[in-house]
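The values are calculated or read from the model by the stated rules, or taken from the named source; none is laboratory data. Remember, predicted model here, so these are calculated numbers, not experimental data. Cβ coordinates were reconstructed from backbone atoms using ideal geometry, including for glycine residues, and neighbour counts include every protein chain displayed.
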Amino acid sequence: MIDIKLIREHSDLVQKNCTRRGYPVDIAGLLKLDTEARQLTQEIEELRAERNRLSKLCAADPSARERVKVLKVDLGKKENALNALSEKINKTMIRLPNLLAPDVPDGLDDTANLEIRKVGNIRKFDFPIRDHQDLGERLDILDIARGAKVAQAGFYYWKGKGAILAQSLYFWVQRLLIDRGFTMFMTPCLAKERTLFGTGYLPFFADQTYNITGEDLALIGTSEQTLVGYHADDVLEADELPLKYTAFTPCFRTEAGSYGRASRGIFRVHQFHKVEQIVFCRPEESVKWHEFCLENEELILQKLNIPYHVVNVCVGDLGAPGYKKYDIEAWFPAFGVYREVTSNTNLTEFQSRRLNIRFKDGNERKFVHTISATAATDRLLIAIMENYQQPDGSIVIPEALRDLCGFDIISPVKK
């Protein structure tokens, strides 16, 4: 959420930001409502002061009692009017997108994301390349058909050595983050509406959320929601910052409107698994910690020897809560392109204002900045499968994971 003071002082900046981000918000109309609300608030305060003054005279002055009765009626009307105004203002405020970093590139979709760097050598194959679905089915480690039978399309099973590889990857990534100063969590897999609103998933991504009928609960789309929500209404100590949290959870998203976009396999699904990085920091340090989380993401891919590139995400591909976002896209041989495996967003104080997360800075209380960054998902697993495939359809295990897996290769099942 944006500070109303910023809107009052820099209305043109906020209007241009909304227009650039494709959010049709009438900032002038919002400020008009704000002016009316402030005027009405002043009138209410004056009436309350007068009511309090007269109340002290009621015992000795009957006319004061009559005046207090009239004031109560006037106060009730003005308070109702102020509540109605405040609701209108809030409906607009909660739909304002965050401001953008100066270097966010223009563009309508991910094709306009700006490449920053390429890392790693793309392997040249001298045999027909199989995609992860073909590899997984031949090796009997990934079962998409039974996932659809038990649930529906967009759900799947890791099994056997595939499940071991998955668990090994996620454990290894969490250990790496712990060594980098993160505190490990196991979080709920459901969250209240306020938590989803506070993290910006409502109202901006409402169509991606699985709601629980009859409950103020929804399945989480990421542990960002539960990790950031952990500190709702807290006042943190400045010397505690930054707080660096990580969690591994299943994640649930409807992926409404996404099918048809490279839907083969498990690249775009309803349930997946993810290790998340969350940072709470001082405002002046959020750029630093945004880059730190990117370093972690790159370190993971480098240790796994997966070719990738880093992109600065353009306006049209950047969600409303984000100030700036990096994506890492790994090389997928079967697609013949780089595709997103991690995202890393500096959200500045967008979430902390909505969830009232502050820190003590001397005699002041200020809003923290938050960073949300992926460390690993199932997409990284399928990148491993495709990049480490062999002519016979086997998959060599990356060296970094071999001790945890307990094997060096997943070979086709002998029949």
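For this structure, a couple of remarks:
- Within segment 10-57, the set of residues being exposed (fewer than 15 other Cβ atoms within 10 Å of the Cβ), of a type in the set (A, V, I, L, M, F, W, C) and in contact with a helix residue (DSSP H, G or I) (Cβ under 9 Å, 6 or more places away or on another chain) comprises Leu13, Ala28, Leu57.
- Identity of the residue in segment 154-192, assigned to a loop (DSSP other than H, G, I, E, B) and without any contact (Cβ under 8 Å) to a residue 60 or more places away in the chain, that ends up farthest from Ala206 (Cα to Cα): Gly160
- Considering Leu227, Leu196, Leu241, the condition of being closer than 24 Å to Lys325 by Cα and either surrounded by fewer than 17 Cβ atoms within 10 Å (Cβ to Cβ) or in contact (Cβ under 8 Å) with a residue 60 or more places away in the chain (or both) is satisfied by Leu241 alone.
- The sole residue among Phe332, Phe350, Phe359 that is under 30 Å from Ala148 (Cα atoms), among the aromatic types (Phe, Trp, Tyr) and buried (at least 22 other Cβ atoms within 10 Å of the Cβ) is Phe332.
- Qualifying residue in segment 125-132 (condition: in a loop (DSSP other than H, G, I, E, B), of a type in the set (Asp, Glu) and either at pLDDT below 95 or over 28 Å from Trp331 (Cβ atoms) (or both)): no
- Being at pLDDT 95 or above and more than 14 Å from Glu276 (Cβ to Cβ) is a property that Thr183 lacks.
- Scanning segment 204-232 for residues that are closer than 17 Å to Ser343 by Cα, small (Gly, Ala, Ser) and either part of a loop (DSSP other than H, G, I, E, B) or not assigned by TED's automatic domain parsing to the domain that holds Ala375 (or both) yields one hit, Gly221.
- Every residue from segment 37-77 that is of a type in the set (Ser, Thr, Tyr) and either under 20 Å from Ile89 (Cβ atoms) or touching a residue at least 12 places away in the same chain (Cβ under 8 Å) (or both): Thr41, Ser55
- Qualifying residue in segment 203-211 (condition: acidic (Asp, Glu), free of Cβ contacts under 8 Å to residues at least 40 places away in the same chain and farther than 18 Å from Ser372 by Cβ): no
- From the list Ile144, Ile178, the lone residue that is surrounded by 19 or more Cβ atoms within 10 Å (Cβ to Cβ) and out of contact with any Ser or Thr (no Cβ under 7 Å at 6 or more places or on another chain) is Ile144.
- Going through (1) touching a Leu at 6+ places or on another chain (Cβ under 7 Å); (2) surrounded by fewer than 21 Cβ atoms within 10 Å (Cβ to Cβ); (3) assigned to a strand (DSSP E or B) one by one, Ala247 falls short only on (2).
- Flag for Ala262 being among the hydrophobic types (A, V, I, L, M, F, W, C), at pLDDT 95 or above and part of a loop (DSSP other than H, G, I, E, B): no
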